[in-house]
1. Determine which single condition PRO48 fails, assuming it passes every other condition in (1) in a loop (DSSP other than H, G, I, E, B); (2) in contact with a helix residue (DSSP H, G or I) (Cβ under 7 Å, 6 or more places away or on another chain); (3) at pLDDT below 85.
2. Tally up the residues in region 69-82 that are open to solvent by 50 Å² or more (accessible area, probe 1.4 Å), of a type outside the set (D, E, K, R) and either within 11 Å of the chain's Cα centre (by Cα) or over 15 Å from ALA31 (Cα atoms) (or both), please.
3. May I ask you to list pairs of residues, at least six apart or on different chains, whose Cβ atoms are under 7 Å apart, with the first in region 49-60 being more than 16 Å from GLU116 (Cα to Cα) and the second being surrounded by 20 or more Cβ atoms within 10 Å (Cβ to Cβ)?
4. How many residues are within 19 Å of the chain's Cα centre (by Cα) and either open to solvent by 30 Å² or more (accessible area, probe 1.4 Å) or over 18 Å from GLY73 (Cβ atoms) (or both) when one looks only at region 10-31?
5. Could you check how many residues of region 1-27 are modelled with pLDDT under 95 and outside any helix (DSSP H, G or I)?
Amino acid sequence: VPELIAILRDPRREANWNNAAVMLGMLGEPAGVDAVVAFICEPGAGEPSASRAWARGNAVAALGYAAHRGHPGALQYLTEGLDPGSWARRGLRGVPGPRQPEAGEESEGPAELLVERAVVGLALSGRPEARAALEGRLRAPGLSPGQRHVLEVQLAEHGKVAAAGLLRYDGERRGRSDPNPRARPQNQP
């Protein structure tokens, strides 16, 4: 955890920020979660870049792993992140969005893209409280068709995580029937 935190704080390691933030979320240690939240608010000095925006968005989603492991602060952070205004209230330094809208999609600002990543994180958590928050957001007025679609897809993914567990869900998503084949004894098929 200390090494991963050091990577997030080192501007020379920008290429590794995404992986460090995701790994810290997966580990779910309190110090690591705190470092991820700090990184989300201030992902380094200098001109905002697409790679920083991508790392920031994935850091938000990675808090879902910590929430899955029972970290209440991560779950609360993601739930509050469903409100686009929450990102400005957190003192977030603006960056360009991590992806450009495709033809026919609505243009979204950084706050809406971070909401989308919070939705993904809540789905990854598999927690009942996360499902309730996602369903509440789906009932909110003023959602665009794209926002509604993301919520519906992620609610379905949440159901898979809740039913199978995160390890099996990840294995199935990656196309493996056995999510940890190395853990199987050698004499077993």
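1. Failing condition for PRO48: (2).
2. Kept after step one, since they are open to solvent by 50 Å² or more (accessible area, probe 1.4 Å), are these residues of region 69-82: 69, 72, 76, 79-80.
With of a type outside the set (D, E, K, R) added as a condition, the list becomes 72, 76, 79.
Right, trim to either within 11 Å of the chain's Cα centre (by Cα) or over 15 Å from ALA31 (Cα atoms) (or both) and you get 76, 79.
Within region 69-82, residues that are open to solvent by 50 Å² or more (accessible area, probe 1.4 Å), of a type outside the set (D, E, K, R) and either within 11 Å of the chain's Cα centre (by Cα) or over 15 Å from ALA31 (Cα atoms) (or both) number 2.
3. ARG52/PRO43; ARG52/GLY44; ARG52/VAL95
4. The initial filter retains those residues of region 10-31 that are within 19 Å of the chain's Cα centre (by Cα), namely 14-31.
This time we only want the ones that are either open to solvent by 30 Å² or more (accessible area, probe 1.4 Å) or over 18 Å from GLY73 (Cβ atoms) (or both), so: 14-20, 22-23, 26-27, 29-31.
The number of residues fulfilling the criteria is 14.
5. 1
Table: residues versus (1) among the aliphatic types (A, V, I, L, M); (2) within 23 Å of LEU24 (Cα to Cα); (3) surrounded by 23 or more Cβ atoms within 10 Å (Cβ to Cβ); (4) modelled with pLDDT of 85 or more.
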site: ALA67; (1), (2), (3), (4): yes, yes, yes, yes
site: PRO84; (1), (2), (3), (4): no, no, no, yes
site: GLU102; (1), (2), (3), (4): no, no, no, no
site: GLU106; (1), (2), (3), (4): no, no, no, no
site: ALA111; (1), (2), (3), (4): yes, yes, no, no
site: LEU114; (1), (2), (3), (4): yes, yes, yes, yes
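The values are calculated or read from the model by the stated rules, or taken from the named source; none is laboratory data. Nothing here was measured: the structure is a model prediction, and the numbers come from that model. Here the Cβ is made from the backbone with ideal geometry for all residues, glycine too, and neighbour counts use every protein chain on show. Note: areas computed on protein heavy atoms with side chains; ligands, DNA, RNA excluded. Shrake-Rupley method; radii C 1.70, N 1.55, O 1.52, S 1.80 Å.
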